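Participant: Below are the structure tokens for one structure; questions will follow.
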Amino acid sequence: MADKLIIFDTTLRDGEQSPGASMTKDEKIRIAKALEKLRVDVIEAGFPIASVGDFEAVQAVANTIKNSTVCGLARALEKDIDRAAEALKGAASFRIHTFLATSPLHMEMKLRMSPDQVLEQAVKAVTHARRYTDNVEFSPEDAGRSEVDFLCRVIEAVIKAGAKTINIPDTVGYTLPEYFGKLIATLRERIPNSDQAVFSVHCHNDLGLAVANSLAAVLNGARQVECTINGLGERAGNAALEEIVMAVRTRHDVFPCQVEVDTTQIVPCSRLVSNITGFPVQPNKAIVGANAFAHESGIHQDGVLKHRQTYEIMKAEDVGWHANRMVLGKHSGRNAFRDRLKSLNIELESEEQLNAAFARFKELADKKHEVFDEDLQALVTDTLSSEHERIKLVSLKVCTETGEPPHAQITLNINGEEKSVGASGSGPVDATFKAIEALINSQTNLLVYSVNNVTNGTDSQGEVGVRLEKHGQVINGQGADTDIVIASAKAYLNALNKVFTVTGRQHPQVAVEV
């Protein structure tokens, strides 16, 4: 029997550290349920001490998920570990993941700690976490730039203290596959008690090598990979779950391990994460990109028609592409709508939410002939995100004419009171945003504005993403509509609502107070 490769998904924690990718508690629960259906082994739900919102989100995920282990991140501090344990205690199975930097640069410049102090603190943290669970993971942060002798000392000590998983992170994406693979092999060979723990890797993509480094580690004995859906993550992102899983599954002749992921859920999960975070998937992205299984070259088309394996090493349906062509229309009833949401793993908590989503579906079906699964994902996200908004769009009228500046007249419901204003701009979207600001005066900076089509055709919904910045806080907003200007207004208001409700989060890579 081949070894099992544990898939540790950190979309909800490290993925959320992408600027603007912050998720609400309800959004995290939706993604966690999709990850559970994907059958990932471990879901890292967040960093509980980062904020009250993070704590509540981790707690909600822990209380909801039954078939995956739920993990919480904690610095090597007792207060962090206590907070994580409190958030996770309702889980059917949970893990505490604690970390401390071990590279000379981090120890000297960030921690202001000596190697002996770091060793002592690491053991102390693992020992404290063991008071709550036997399932403790330890990460020597910046292991890729750490001295091997010191890494061996720390890892041997934390395994002795009770750590069951040892994660070797390439925190800044600095290593190369050959070196990183040898590092894993060296650690496993030199550490006397290495057989008492599972070795894991967590690779960042700063040099575009996160997946390559992770797979090199697997070939050298790592049996857990930490990754994210769509490779989401801070800076250049993390190793992409879909690429790790399909590489191991496709090249089973090379990898002496197997994954237990339900690969047919990869594309639906990818679409959901993209829809919620507002981070679109590039068309040529491996596995989940729109062009991943497209063949334009005549030679390729001829070869695939004669025998699929001439130019395809995977079946599109194996990763979930076949599940995305179910069509609903304006004559589709409530039960068909409910059943389709269920098949997409979308569970609305109340009849009120279902009624609101169904009403929006009927509006959309009147505007476009066919409603696809992608439309439903966008529609539900739009419905749920607007449920508790303080600022809501009531009406929008935009006039644009050749040779004249576009003018937008908008009415907003602000805390229950309707207010209207008009404004001109260089374009219809600019006029709309200026009208909103005339009423809100948010004092934010618009960093990113993007438009993507949800499906094909001129009647497709446009999915608009905006990214706002205020006092260093970056917030993402999204909105969808067959009218791009209305979708833009929805996205801008979605971001503004988050600006006024999201509290500051503490980044996990901050100095440890000893």
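The values are calculated or read from the model by the stated rules, or taken from the named source; none is laboratory data. Everything quoted here is computed from the prediction, not taken from an experiment. Here the Cβ is made from the backbone with ideal geometry for all residues, glycine too, and neighbour counts use every protein chain on show.
Participant: Restricting to the range 427-457, name every residue that is of a type in the set (Val, Ile, Thr) and without any contact (Cβ under 8 Å) to a residue 40 or more places away in the chain.
Facilitator: Val451
Participant: Of the residues Lys25, Lys4, Lys89, which single one is out of contact with any strand residue (DSSP E or B) (no Cβ under 6 Å at 6 or more places or on another chain), within 22 Å of Ala129 (Cβ to Cβ) and not β-branched (Val, Ile, Thr)?
Facilitator: When all the criteria are applied, what remains is Lys89.
Participant: Test Glu44 against the stated conditions and say whether it is surrounded by 21 or more Cβ atoms within 10 Å (Cβ to Cβ) and at negative phi. Write out each step before concluding.
Facilitator: Values: surrounded by 21 or more Cβ atoms within 10 Å (Cβ to Cβ): yes; at negative phi: yes.
For Glu44, the condition - surrounded by 21 or more Cβ atoms within 10 Å (Cβ to Cβ) and at negative phi - is met.
Participant: In addition: Output the residues belonging to the range 65-91 that are touching a helix residue (DSSP H, G or I) at 6+ places or on another chain (Cβ under 6 Å) and either outside any helix (DSSP H, G or I) or among the hydroxyl-bearing types (Ser, Thr, Tyr) (or both).
Facilitator: Answer for the range 65-91, where residues must be touching a helix residue (DSSP H, G or I) at 6+ places or on another chain (Cβ under 6 Å) and either outside any helix (DSSP H, G or I) or among the hydroxyl-bearing types (Ser, Thr, Tyr) (or both): Ile65, Asn67, Ser68, Val70, Gly72, Ala74, Ala76, Gly90, Ala91.
Participant: Considering each residue of the range 450-485, count those that are assigned to a loop (DSSP other than H, G, I, E, B) and either at pLDDT 85 or above or over 25 Å from Gly329 (Cβ atoms) (or both), and give that number.
Facilitator: 5
Here is a yes/no grid of residues against (1) of a type outside the set (S, T, N, Q); (2) out of contact with any His (no Cβ under 9 Å at 6 or more places or on another chain); (3) farther than 22 Å from Pro280 by Cβ:
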| site | (1), (2), (3) |
| --- | --- |
| Gln377 | no, yes, no |
| Cys399 | yes, no, yes |
| Ala408 | yes, yes, yes |
| Gly422 | yes, no, yes |
| Ser426 | no, yes, yes |
| Ile436 | yes, yes, yes |
| Ser442 | no, yes, yes |
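Participant: Which residues, taken from the range 51-76, are in contact (Cβ under 8 Å) with a residue 60 or more places away in the chain, among the small types (Gly, Ala, Ser) and surrounded by fewer than 24 Cβ atoms within 10 Å (Cβ to Cβ)?
Facilitator: Answer for the range 51-76, where residues must be in contact (Cβ under 8 Å) with a residue 60 or more places away in the chain, among the small types (Gly, Ala, Ser) and surrounded by fewer than 24 Cβ atoms within 10 Å (Cβ to Cβ): Ser51, Gly53.
Participant: A further question follows. What number of residues within the range 369-396 are within 18 Å of Leu328 (Cα to Cα) and more than 30 Å from the chain's Cα centre (by Cα)?
Facilitator: Summing the residues that are within 18 Å of Leu328 (Cα to Cα) and more than 30 Å from the chain's Cα centre (by Cα) in the range 369-396 gives 1.
Participant: Of all the residues that make up the range 183-203, how many are among the hydroxyl-bearing types (Ser, Thr, Tyr) and either at positive phi or buried (at least 22 other Cβ atoms within 10 Å of the Cβ) (or both)?
Facilitator: 1
Participant: Next question, about the same structure. Any residue at all in the range 141-157 that is within 30 Å of the chain's Cα centre (by Cα) and closer than 30 Å to Ala92 by Cα?
Facilitator: There is at least one residue in the range 141-157 that is within 30 Å of the chain's Cα centre (by Cα) and closer than 30 Å to Ala92 by Cα.
Participant: Scan the range 364-406 for residues that are of a type in the set (A, V, I, L, M), in contact (Cβ under 8 Å) with a residue 60 or more places away in the chain and in contact with a Ser or Thr (Cβ under 9 Å, 6 or more places away or on another chain) and jot them down.
Facilitator: Leu364, Leu384, Leu393, Leu396, Val398
Participant: Just to be sure before I move on: is Val211 in contact with a strand residue (DSSP E or B) (Cβ under 8 Å, 6 or more places away or on another chain), crowded, with 21+ Cβ neighbours inside 10 Å and either closer than 25 Å to Leu105 by Cβ or at pLDDT 95 or above (or both) in the structure I sent?
Facilitator: On the way: in contact with a strand residue (DSSP E or B) (Cβ under 8 Å, 6 or more places away or on another chain): yes; crowded, with 21+ Cβ neighbours inside 10 Å: yes; either closer than 25 Å to Leu105 by Cβ or at pLDDT 95 or above (or both): yes.
Yes; evaluated as a whole, the condition is true for this residue.
Participant: Looking for something crowded, with 21+ Cβ neighbours inside 10 Å, within 20 Å of Val319 (Cβ to Cβ) and not β-branched (Val, Ile, Thr) - is there at least one such residue anywhere in the range 15-23?
Facilitator: yes
Participant: Go through the range 108-167 and give me each residue that's of a type in the set (Ser, Thr, Tyr) and free of Cβ contacts under 8 Å to residues at least 12 places away in the same chain.
Facilitator: Ser114
Participant: Here is a follow-up. Quick one: which of Lys28, Lys33 is on the phi < 0 side of the Ramachandran plot, touching a residue at least 24 places away in the same chain (Cβ under 8 Å) and surrounded by 24 or more Cβ atoms within 10 Å (Cβ to Cβ)?
Facilitator: Every option except Lys28 fails the conditions.
Participant: Among (1) surrounded by fewer than 19 Cβ atoms within 10 Å (Cβ to Cβ); (2) under 16 Å from Tyr492 (Cβ atoms), which single condition is Leu412 missing?
Facilitator: It fails just one condition, (1).
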